[in-house]
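The structure appears right after this line, and notes come after that.
The values are calculated or read from the model by the stated rules, or taken from the named source; none is laboratory data. This one's a predicted model, so the numbers in the text were calculated from it and none came from an experiment. Counting neighbours? That spans all protein chains shown, and the Cβs are built from the backbone with ideal geometry, glycine included.
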């Protein structure tokens, strides 16, 4: 199964993603420069974290116009899998592939730490290797990760089961203190209506090996691989 990891000017987590796919899961993977327009040879596209175009204007606002994004939209329209983490999530929202926006953390501080994240449903491309209610420990690293959408959109996400992850305590409670950025409803990750595009602020690619502190991120990649193979 072939993965493609997109790199924009200012991206910095593409190496982490590439390493996990190649050296942890032993799947074929290639870097994709943002000027590429042909994604037909890939089964899954990853938009990694970083500071695309220096986060000028708004996070992801300029990257949204890179040539590759038109191809990503077409790729997603075919039902193929797209994962956006951190800056990738921001770009997916700016491009309209996901609803809502990512705003400044309510603390106005950059947060880089491990957080707890509750799986809301195991019935998805990205969580079928987990159990609903399972708490994962995943690191975050962002200054603009507070998810916001209007009431109608939030209600639609809730009713359609498109909120996959919420920030929580170790016991799985979605408290104010467990929310690292002020995200509405403690939302940490959502999908598109079709369910093949996921945007999440935490970095699963940074916790796939015990050597670096945890392996919970593997469950998300394992879920995608199960779907692709099926």
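Could you grab me the full set of residues in the stretch 99-121 that are in contact with a helix residue (DSSP H, G or I) (Cβ under 8 Å, 6 or more places away or on another chain) and touching a residue at least 60 places away in the same chain (Cβ under 8 Å)? Walk me through it before giving the result.
First, pick out the residues of the stretch 99-121 that are in contact with a helix residue (DSSP H, G or I) (Cβ under 8 Å, 6 or more places away or on another chain): 99-102.
Within the stretch 99-121, 99, 100, 102 meet the criteria.
Being assigned to a loop (DSSP other than H, G, I, E, B), on the phi < 0 side of the Ramachandran plot and surrounded by 13 or more Cβ atoms within 10 Å (Cβ to Cβ) is the requirement here; does residue 107 meet it?
Details: assigned to a loop (DSSP other than H, G, I, E, B): yes; on the phi < 0 side of the Ramachandran plot: yes; surrounded by 13 or more Cβ atoms within 10 Å (Cβ to Cβ): no.
Answer is no for this residue.
Return yes or no: is residue 61 at pLDDT below 95 and either under 27 Å from residue 151 (Cβ atoms) or in contact with a strand residue (DSSP E or B) (Cβ under 8 Å, 6 or more places away or on another chain) (or both)? Before you say what the answer is, go through the steps one by one.
On the way: at pLDDT below 95: yes; either under 27 Å from residue 151 (Cβ atoms) or in contact with a strand residue (DSSP E or B) (Cβ under 8 Å, 6 or more places away or on another chain) (or both): yes.
Taking the combined requirement at face value, the residue satisfies it.
Going by the structure shown, is residue 59 in contact (Cβ under 8 Å) with a residue 40 or more places away in the chain, in a loop (DSSP other than H, G, I, E, B) and within 14 Å of the chain's Cα centre (by Cα)?
Details: in contact (Cβ under 8 Å) with a residue 40 or more places away in the chain: yes; in a loop (DSSP other than H, G, I, E, B): yes; within 14 Å of the chain's Cα centre (by Cα): no.
So residue 59 fails the test.
Can you name the residue in the stretch 11-37 that is touching a residue at least 60 places away in the same chain (Cβ under 8 Å) and not in a helix (DSSP H, G or I) and is also farthest from residue 216 (Cα to Cα) among such residues?
Per the criteria, the residue is 11.
Filter the stretch 150-167 for residues that are in contact with a helix residue (DSSP H, G or I) (Cβ under 7 Å, 6 or more places away or on another chain) and not in a helix (DSSP H, G or I); which is surrounded by the most Cβ atoms within 10 Å (Cβ to Cβ)?
Taking the stretch 150-167 first, the residues in contact with a helix residue (DSSP H, G or I) (Cβ under 7 Å, 6 or more places away or on another chain) are 154, 163, 166-167.
Those left that are additionally not in a helix (DSSP H, G or I): 163, 166-167.
Values: 163: 19, 166: 21, 167: 27.
Here the residue is 167.
Would you point out which residue out of 54, 79, 96, 88 is touching a residue at least 60 places away in the same chain (Cβ under 8 Å), exposed (fewer than 15 other Cβ atoms within 10 Å of the Cβ) and out of contact with any helix residue (DSSP H, G or I) (no Cβ under 7 Å at 6 or more places or on another chain)? Break it down into steps so the answer makes sense when it comes.
Details: 54 fails: touching a residue at least 60 places away in the same chain (Cβ under 8 Å); 96 fails: touching a residue at least 60 places away in the same chain (Cβ under 8 Å); 88 fails: exposed (fewer than 15 other Cβ atoms within 10 Å of the Cβ).
It is 79.
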